[in-house]
1. Quick one: pull the percentage of alpha-carbon pairs in the chain with a separation above 22 Å.
2. Kindly flag which residue pairs out of K154/K189; K133/K189; K151/K189; K130/K171; K133/K179 have an alpha-carbon separation exceeding 19 Å in this structure.
3. Put a dot 7 Å past each Cα toward the Cβ at E55 and N77; how far apart are the dots in nm?
4. Go ahead and run the numbers for FRET between Y188 and K154, Cβ-Cβ distance against an R0 of 25 Å, rounding to 0.05.
5. Could you list the trypsin sites (Lys or Arg not before Pro) in segment 36-145 that lie in coil according to DSSP, counting only those with at most 13 other Cβ atoms within 10 Å of their Cβ?
6. Could you give the length gained on full extension between E69 and Y45, defined as 0.36 nm per residue of separation minus the Cα-Cα distance, in nm?
7. Evaluate the distance, in nm, between pseudo-label points positioned 7 Å from the Cα of F33 and of E175 along their respective Cα→Cβ axes.
8. For segment 26-46 and segment 84-154, write down the distance between their C-alpha centroids in whole Å.
Amino acid sequence: MVNSGVYQILNTMGGKCYIGSSVNMEERLKRHFRALRKGCHCNQYMQRAYNLYGEKVFTQKILIICAPENLIMYEQNAMDAFNSLYNLAPVAGSTLGITFSEEHKAKISAAGMGRIVSVETKRKMSEAQKGHKFSDETRAKMSEAKKNMSKETKAKMSEALIGNKHFLGHKHSEETLEKMSIAQLKRYKER
């Protein structure tokens, strides 16, 4: 059972299920049940049901064995077919549709505070974004958000940049200025 594919964890007591996919289903299922036994599963709904009914009401089932590149497609099909009530996100392989509590957002924020990103990581992040184009809809939303920014927010952003070594007294090279000019001309012509 070390194949990639889509699996189901079913609560036989209530009929609710979780649909997941993995390149190693055996290991992934073990991790699910290990976390449930420890009481620290990231899916609070499944964890609560597990705490209430115990492991005996949960069954696991392999739905399909497929190539890794087809996992998300088959997972989404299964989620739609089985009405997977334990899945937090309605879209397979995405966090779209998940809403976080203010407490959870604060924890995520605190975890990232003070984290130092290496030069190598910054380079990789930059490379990943090169050539990325936003859709017209996304660009319109970003533009609208900038227009509707409150004076308070603008003041906070300005304050945050004061003393920032990346902006303070920085002089662009002639090559960079030329690139910026060409980019602005392209944007102007696209309008």
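1. 69
2. K154/K189; K151/K189; K130/K171
3. Calculated label separation equals 3.3 nm.
4. Efficiency at R0 = 25 Å is approximately 0.55.
5. Answer by residue number: R115, K130, K133.
6. 5.8 nm
7. 5.8
8. 26
We did not get these values from a lab; they are worked out from the coordinates using the rules stated. Note that the coordinates shown come from a computational prediction; the quantities given were computed from them, not determined experimentally. In this analysis, Cβ positions are derived from the backbone assuming ideal geometry, glycine residues included, and neighbour counts consider all displayed protein chains.
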